[in-house]
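A short write-up of the structure that comes next.
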Amino acid sequence: MSNKEPLFSTKNKKLLTNPLGSDNPITVQVLGICSALAVTAKLEPAVVMTISVMAVLALANVIVSLIRNTIPSRIRIIVQLVVVAALVILVDQVLKAFAYDVSKQLSVFVGLIITNCIIMGRLEAFALGNKPLPAFLDGIGNAAGYGLILVIVAFFRELLGSGTLYGFKVIPQAFYDMGYQNNGLMILPPMALVVVGIIIWVQRSKDKSLIESN
Amino acid sequence: MNTNSNTYTFLYASVMVLIVAAVLSFTALQLKPRQNKNKEIEKKQAILKAVGVASTFADAEKLYDQYIVEAKIVNAAGALISEDKEEAFGVDLKKENKIDLTDRKLPVFIFQNEAVGKKMILPVRGKGMWGPIWGYISMELDGNTIYGATFDHQGETPGLGAEISKPEFQKQFASKQLFDQSGKFIPLALVKGTASGHLHEFDAVSGGTVTSKGLEEMLLKSLGSYEKFLKSSK
């Protein structure tokens, strides 16, 4: 096996790093917006959601890639759904048993991982046509790109909306005594959309190649 | 092999479903005891919180065993049904609320420590805007004055209805009273504006009117079912 591809060849590295920037699932492909609005009021659920999506997406990518040659093409979407749904239920059950507080906060969103467009999108577009290792890296990369945006949005929403970061108070009491108020609007989902919009704006003004010409 | 033939497709789907079902039921069975344990700990934390005792997930069980010195079940007529601590803890209010008031089991927890003395804790459960809301009310032994309250919810809107689970909302219930001077049961009523200083009213959550109304209803029904018991403990 002298011509074996090294683990981190340029191609594989790209699978990991592209989704963080120029091929980001949220800001460029505009997938997974729904959950990005829902879990970003605080940093903690955003981080847990990222980890859960990463686990589900990486594993689903590998499983689908492993069985890609056996899947009857007429029911391939159903097969993908079953794989994702089974993994999501597993994640939900494990969270309920080992991280009860977090699972309560995420509540319905864990179930909603199934409907996260990023997952079905990557399975259909990548895992069905690639070997397990690149599929695994693609899963990790896309989940990381998704998580990056989630964490950025959650950072601003929690800081401005609750005056805390990861549950710790960061805005000193003296500010509140002087009349500073948390912005309640930041806690509500529409502000997540506005923050995502600002991120897209900043990214496109830096990387002109992302701007569609029409 | 032709992966597109009908036979293959049917076989593939059946086998896949069987494997997935087996894996999922195995996991669910394995994790069930741990999950139930977590729910119990959460309930114990909530009961302690009604008296203002903060506990962590790790020490809740120890504190519960230490401070909840007694737990019993009464009925709507105020008569004692059971004094078994485990049985009282195991009463599921969701099921009880569906049966007739006369047959309903009503749990009472007795709390005691050096800092706050002896209090009794009553569970309440009702409907919010999107789902169930529940809580625990701690009372002085006179059966009239509220000492503290804690509420929780399944899916009320964050920032609006969900505010009922915040300490700022809950602390207003301290020293409210359930009976007037002639001994008549007066359910706690919702007011807009300010209810501080009033004995029988509480402030609504702004922007959470439906949840607040649900909470009012819950206090009326749940605490109302304890009316005879509370009167007898005066």
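Every number in this text was worked out from the coordinates using simple rules, so none of it is lab data. The shown structure was predicted, so the numbers you read here are calculated from the model rather than taken from an experiment. Glycine also receives a Cβ, built like all others from the backbone with ideal geometry; neighbour counts cover every protein chain displayed.
Among the residues of A:186-194, the average count of other protein chain beta-carbon atoms within 10 Å of the residue beta-carbon is 1.
Computed on chain B, with alpha-carbon pairs under 8 angstrom and 6+ residues apart, the relative contact order is 16 percent.
Electrostatic bookkeeping for B:S206 treats Lys and Arg as +1 and Asp and Glu as -1; over the other residues with beta carbon under 11 Å from its beta carbon, the sum is -1. Here's the list of aspartates and glutamates a cross-link from A:K169 could span, going by alpha-carbon distance under 20 Å and ignoring same-chain residues fewer than 8 apart: A:E44, A:D101, A:E158, A:D177, B:E163, B:E168. Mean partner shielding of peptide B:24-33, defined as the number of other chain Cβ atoms within 10 Å of each residue Cβ, is 3.
Pairs of Cα atoms nearer than 8 Å and 6+ residues apart set the relative contact order; for segment B:162-234 it is 26 percent. Taken about its Cα centre, segment A:40-157 carries a charge dipole of roughly 200 debye when the Cβ of each Lys and Arg holds +1 and the Cβ of each Asp and Glu holds -1. Relative contact order of chain A, taken over Cα pairs closer than 8 Å and 6 or more residues apart, is 34 percent.
Using R₀ = 45 Å, calculate the FRET efficiency as 1/(1 + (r/R₀)^6) where r is the Cβ-Cβ separation of A:Y176 and B:I19; round to 0.05.
Plugging the Cβ-Cβ distance into 1/(1 + (r/R0)^6) gives 0.20.
Working note: 222 nm ellipticity from helices only, DSSP H runs with n ≥ 4, each -39,500 (n - 2.57), summed and divided by the residues of chain A, gives -20500 deg cm²/dmol to the nearest 500. Neighbour counting of Cβ atoms within 10 Å sorts the residues B:F111, B:F89, fewest neighbours leading, into B:F89, B:F111. When the Cα positions of A:A144, A:I114, A:F126 are compared along the charge dipole of chain A, A:F126 comes out farthest toward the positive end, with charges on each C-beta of Lys, Arg, Asp and Glu.
With the helix formula -39500 (n - 2.57) applied to DSSP H stretches of n ≥ 4, chain B reaches a computed 222 nm mean residue ellipticity of -11000 deg cm²/dmol. For the pairs B:K43/B:K98; B:K43/B:K94; B:K32/B:K118; B:K43/B:K118; A:K96/B:K94; B:K171/B:K228, note any where the Cα-Cα span goes beyond 24 Å. Distance filter (> 24 Å) returns B:K32/B:K118; B:K171/B:K228. A simple spin-label model places pseudo-atoms 7 Å from Cα toward Cβ; at B:K213 and B:K98 they are separated by 2.5 nm. Note on A:72-81: average number of Cβ atoms from other chains within 10 Å of each residue's Cβ is 3. This ranking places B:V116, A:V30 by how few other beta-carbon atoms lie within 10 Å of each, fewest first, which gives A:V30, B:V116. With neighbour counts taken as other beta-carbon atoms within 10 Å, the residues B:T209, B:T56 rank, fewest first, as B:T56, B:T209.
Nearest 20 debye, what's the magnitude of the dipole of segment B:46-232 about its Cα centre given +1 on Lys and Arg Cβ and -1 on Asp and Glu Cβ? The calculation lands at about 380 debye. Put a dot 7 Å past the Cα of A:I51, heading toward its Cβ, do the same for B:N2, and the two dots end up 4.9 nm apart.
At an R0 of 25 angstrom, the distance between the Cβ atoms of B:D65 and A:L185 translates into a FRET efficiency of 0.05.
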